[in-house]
1. Within the stretch 1-21, how many residues turn out to be part of a helix (DSSP H, G or I) and either at pLDDT 95 or above or more than 23 Å from the chain's Cα centre (by Cα) (or both)?
2. Scan the stretch 29-63 for residues that are touching a residue at least 12 places away in the same chain (Cβ under 8 Å) and of a type in the set (A, V, I, L, M, F, W, C) and jot them down.
3. Looking at the stretch 29-72, which of its residues are in a helix (DSSP H, G or I) and charged (D, E, K, R)?
4. Output the number of the condition that residue 128 fails; it satisfies all remaining conditions of (1) in contact with a helix residue (DSSP H, G or I) (Cβ under 6 Å, 6 or more places away or on another chain); (2) more than 22 Å from residue 46 (Cα to Cα).
Amino acid sequence: MTALPFWAILALLGFASWMILTQQAVSLIYQFWIHTERVKKLPRWFEFIFNTPSHHRVHHGANEIYLDRNYGGILIVWDRIFGTFQGETERPRYGLTKNIHTFRPTRVAFHKFADLARDVRAAKGWRERLGYVFRGPGWSPDGSGGSVRG
């Protein structure tokens, strides 16, 4: 659902719906094999260009060094270009940085939006509100990273 605006832009640019749906299918199939711990490292040239299981483990890691890294679905070069790439240097610890203590699907899916709304309501002006919405997770006005969202 959150990806819909990005796909809609392609439709507005004139790409045929079958092209968009085909690319979504290819991306989904590619995502299947990178969700494994069985594959350690692949040849350097492949790791430089493509998202691999090693890169994707970093994406899912809750370790401080791994937060907000490796967003590429198929190509990891975008993360290298935009400075969000991080190689796997330690075993990832999977999960949330702050446990939400529930298994309710709606809470799991939407808790970050509720936290964001709480931060925005508590902000002391428009600059802070925009900071919470457009800056990275954990951003706070004083730079401590101590927002409600943690």
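1. The qualifying residues number 5.
2. Those that are touching a residue at least 12 places away in the same chain (Cβ under 8 Å) and of a type in the set (A, V, I, L, M, F, W, C): 33, 34, 39, 42, 48, 49, 50, 58, 62.
3. Passing the criteria: 44, 47, 57, 64.
4. Of everything listed in (1) in contact with a helix residue (DSSP H, G or I) (Cβ under 6 Å, 6 or more places away or on another chain); (2) more than 22 Å from residue 46 (Cα to Cα), residue 128 misses just condition (1).
The values are calculated or read from the model by the stated rules, or taken from the named source; none is laboratory data. None of the values given here were measured: they were computed from a predicted structure. Every residue, glycine as well, gets a Cβ built from its backbone with ideal geometry; the counts of neighbours run over all protein chains shown.
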